[in-house]
Amino acid sequence: MAESRDGAQAQSTENVVMYHPSKDLVENANVTAYMRSKGLSSYDELYKWSTANPEEFWADQANELEWFQTWDKVLDESNAPFFQWFVGGKTNIIHNAIDRHVKTWRRNKLAMIWEGEDGSSRTYSYHTLNREVSKMANVLKSMGVQKGDIVTIYLPRIPELPIAMLACAKVGAAHSVVYGGFSVEALADRMSDAQSKILITADGGYMRNKVIELKKIADEAMARTPTIQNCIVVKRTGHDIAMESGRDLWFHDLMSLPIASPICPTEEMDAEDMLFILYTSGTTGRPKGVVHTHGGYQVGTHTTLKFVFDLKEEDRWWCAADPGWITGHSYIVYSPLLVGATSFMYEGAPNYPYPDRWWSLVARHAISVLYTAPTAIRGLMRFGDAWPNRHDLSSLRLLGSVGEPINPEAWRWFRDTIGAGECPIMDTWWQTETGHFMITPTPVVPLKPGSATRPFLGIDVDIVHEDGTSCAPDEDGTLVIKRPWPGMLRTILNDPDRYKNQYWEKIPGMYNAGDSARRDKDGYIWVIGRLDDVIKVSGYRLGTAEVESALVSHSAVAEAAAIGLPHDIKGNAIHAFVILRAGFEGSPKLEEELRAHVGHELGPIARPDEIKFVGSLPKTRSGKIMRRVLKAQALGQDVGDVSTLES
Ligand code: WTA
């Protein structure tokens, strides 16, 4: 038995030190209060009860929120796998995230704090946020935006991004946020698939004091998207940009018109009405528009933040993701507001101007819970302990990680150096598709560094063989979810068959997460990584197919294959193999040109670390590239069974 620094007990199981939570934390946890309200005396019992009675559990949670009209049925499974939650319920997530707070003392409480990379800051009380969101909602309405429309948002990490999202939801339109690090082709594809008529963007954004020219990228993308009628432009950098008259309008001009009244009723929605779509990479082809809805999503995100990070209204919560990804949607924008807490957002790079920028933010804004990704932790860890040690980080009480498996070394550094050996780390496994945390500890669960621990309450997870039978302890298999959950994706926009085939039919009747994992003898789950052609680069989800199609859109490239190889900081780095067209010859200059081309088409995050020019690619007889073989070769491993390889 080992002792951790705070006196909490740490014990070794199977060579893994287990970290037990302090008595104080357990005693005061939201989840403990709920457990007692059910007359139960342990978290294990609560978990068992919640999965035996999932509808009662989720109905309890839904009752924590306000509904215009309560639901008739918690879960409708009659058209599986097109499950429906809180059927017949009338709601709007904005009512719970904003409207119900401004009716109380909370109107004067900070909803959002933002700090720019240049040190400027803006704060919004619930009252001010409500005014800004209402004004923007009225602007959208005046431009003809209606219930059911999809508005594309392509903004840097500035307050107008959450405000635009919330304004769409308020009027009943769905938002489709495209991450500001994506580029022309990625943006054009997403706008076309969503048939967006309106794009909201900015003149630019800042990253490491450099201007990212978002409007220029948007102009190129709009030229490829005939549906766009208007573009609203937020002024962030103030540098010169082209404005097309009749199409492009300044946000600040619109917000100063009489039409932008600060009073706007919140649209009443069916629980199952679309709240947003978010595109994510899959196995093949184009990104999928994952559809989320008002009712189930608000219940799932609210419940998970309240129980997993023990969030209370007095907390200052910092989820350091970008709002353009699901982590930001669920845990920067919606759930902290649902809880009535204060959500902090920072615009720029973690190490700008110095490697202690994050730690100075924690100290200056008294952040109590910090949620980030392993890649950021590893990146900051490499600068050494002196940077965090010069700041008072004692406001922190809980820490969290998401996006990829966290290596135990980074886990321990995060807990010991940032969390003073006292802050437990909530390693949360989930996906764009799941909407909210699925496998995660709560503050009462003993932790093993590197394991996301157990399924969340009401969530039925298994690790199975290809035929759907359960794996034995410590055996690798496919991670599946056996019962529907409220925040689950409802479908893929314009492609319900793909939703059905990809997630529910590969292993019939179970949601296939596309990850491999194993469960140890204590029941702890260890997520290993993706089983498909998705690469997690710095926690960002990219598809090999997207990188390849960006490469072959260059005139010199005949064929391309992309794979992910392990990288110390980024987790994975993209490596590409390229066959050139006749008449072109590989050179360092061409390699650089191709990298820049991928950056221009797809975005800087997708630029391959290395491009190799090759004469052929390993393929199956049916012509599919065998990326598995390329990966094994690059890692110097046995290439395995290549009997289907083209000879
Ligand atoms: C991976 C991000 C291990 C996993 C919220 C999943 C993780 C994919 C973890 C989804 C974690 C996410 N431990 N792996 N705690 N969290 N992943 O859609 O491979 O961007 O399938 O959602 O990230 O990525 P997405």
Subject >> Residues of the stretch 303-322 with amide N under 19 Å of the 7 Å Cα→Cβ point at Ser37 >> reply: 303-315
Subject >> Zero-based 10 Å bins, Cα pair distances in the stretch 316-415, whole percents >> reply: 15, 51, 31, 3
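How much of the DSSP beta bridge set in the stretch 512-622 is antiparallel, as a percent to the nearest 5?
Working: 19 of 23 bridges.
DSSP beta bridges in the stretch 512-622 are roughly 85 percent antiparallel.
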Original post:
Taking the Cβ-Cβ separation of Asp638 and Arg107 as r and a Förster radius of 51 Å, what is the calculated FRET efficiency to the nearest 0.05?
Top reply: 0.20
**OP:** Find the centroid of the Cα atoms in the stretch 425-455 and in the stretch 345-371, then give the distance between the two in whole Å.
**Re:** 23
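Give a quick list of GluC sites (Glu not before Pro) in the stretch 461-538 that DSSP marks as loop, anything other than H, G, I, E or B, with at most 13 other Cβ atoms within 10 Å.
Values: sites: Glu466, Glu475, Glu505; in loops: Glu466, Glu475.
Counting only loop positions with at most 13 other Cβ atoms within 10 Å, the GluC sites (Glu not before Pro) in the stretch 461-538 are Glu466, Glu475.
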Original post:
Between rounded, prolate and oblate, where does the stretch 132-218 land on the alpha carbon gyration tensor, with a ≥ b ≥ c its root eigenvalues, rounded for a/c under 1.5, else prolate if a/b exceeds b/c?
Top reply: oblate
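Quick check: convex hull over the Cα atoms of the chain, volume per residue in Å³, rounded to an integer? It would help to have the intermediate numbers written out before the result.
Details: hull volume 104.6 nm³, N = 647.
Considering the Cα atoms of the chain, their hull volume per residue is 162 Å³.
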Original post:
On full extension of the chain, what length is gained from Leu565 through Asp460, given 0.36 nm per residue of separation minus the C-alpha to C-alpha distance?
Top reply: 34.6 nm
**OP:** Give me the percent of DSSP beta bridges within the chain that run antiparallel, rounded to the nearest 5.
**Re:** 60
**OP:** Take the solvent-accessible surface of the protein heavy atoms, probe 1.4 Å, and return the percent of it on the chain that carbon and sulfur atoms account for.
**Re:** 49
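Beyond 19 Å between alpha-carbons counts as too far, so tell me which of Lys170/Lys288; Lys135/Lys170; Lys216/Lys570 fall in that bin.
Beyond 19 Å: Lys170/Lys288; Lys216/Lys570.
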**OP:** Using a 1.4 angstrom probe, figure out how much accessible area the chain has per residue, in square angstrom, rounded to the nearest whole.
**Re:** 38
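Which whole-number percentage describes the relative contact order of the chain, with Cα contacts under 8 Å and a sequence gap of 6 or more? Display every interim value, and only then the final one.
Details: 1410 pairs, mean separation 82.0, N = 647.
Contact order relative to length: 13 percent.
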**OP:** For a label point 7 Å from the Cα of Asp392 along Cα→C-beta, name the residues of the stretch 305-327 whose backbone N is under 17 Å from it.
**Re:** 316
Original post:
Between Phe68 and Asn407, 0.36 nm times their residue separation minus their Cα-Cα distance comes to what?
Top reply: 117.5 nm
**OP:** Find how many whole Å separate the alpha carbon centroid of the stretch 52-122 from the alpha carbon centroid of the stretch 468-494.
**Re:** 24
Original post:
What nm value, rounded to one decimal, do you get for the distance between Val552 and Arg483 when each label is placed 7 Å out toward the C-beta?
Top reply: 4.4
Original post:
Which of the trypsin sites (Lys or Arg not before Pro) found in the stretch 391-497 are in a DSSP loop and have at most 11 neighbouring Cβ atoms, other than their own, within 10 Å?
Top reply: none
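Before rounding to the nearest 500, sum -39500 (n - 2.57) across all DSSP H runs of length at least 4 in the chain and divide by the residue total; then give [θ] at 222 nm in deg cm²/dmol.
Working: 19 runs with 170 residues, N = 647.
Mean residue ellipticity at 222 nm (helix-derived): -7500 deg cm²/dmol.
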Subject >> Label-point separation in nm, Ala582 to Tyr354, each point 7 Å along Cα→Cβ >> reply: 6.1
**OP:** With θ set to phi - 60°, apply the Karplus curve 6.51 cos²θ - 1.76 cosθ + 1.60 along the stretch 20-36 and write out the HN-Hα couplings as whole Hz, x wherever there is a Gly or Pro.
**Re:** 9, x, 6, 4, 4, 4, 4, 4, 9, 6, 3, 5, 5, 4, 5, 4, 5
Original post:
Setting aside same-chain residues fewer than 8 positions from Lys215, which lysines have a Cα under 19 Å from its Cα?
Top reply: Lys197, Lys235
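The values are calculated or read from the model by the stated rules, or taken from the named source; none is laboratory data. Bear in mind the structure is a predicted one, so any value in this text is a computation, not a measurement. Quick reminder, even Gly has a Cβ in these numbers, built from the backbone with ideal geometry, and neighbours come from all protein chains shown. For the accessible areas, the whole protein counts, side chains as well, though only heavy atoms, and no ligand, DNA or RNA atoms are used. Shrake-Rupley method; radii C 1.70, N 1.55, O 1.52, S 1.80 Å.
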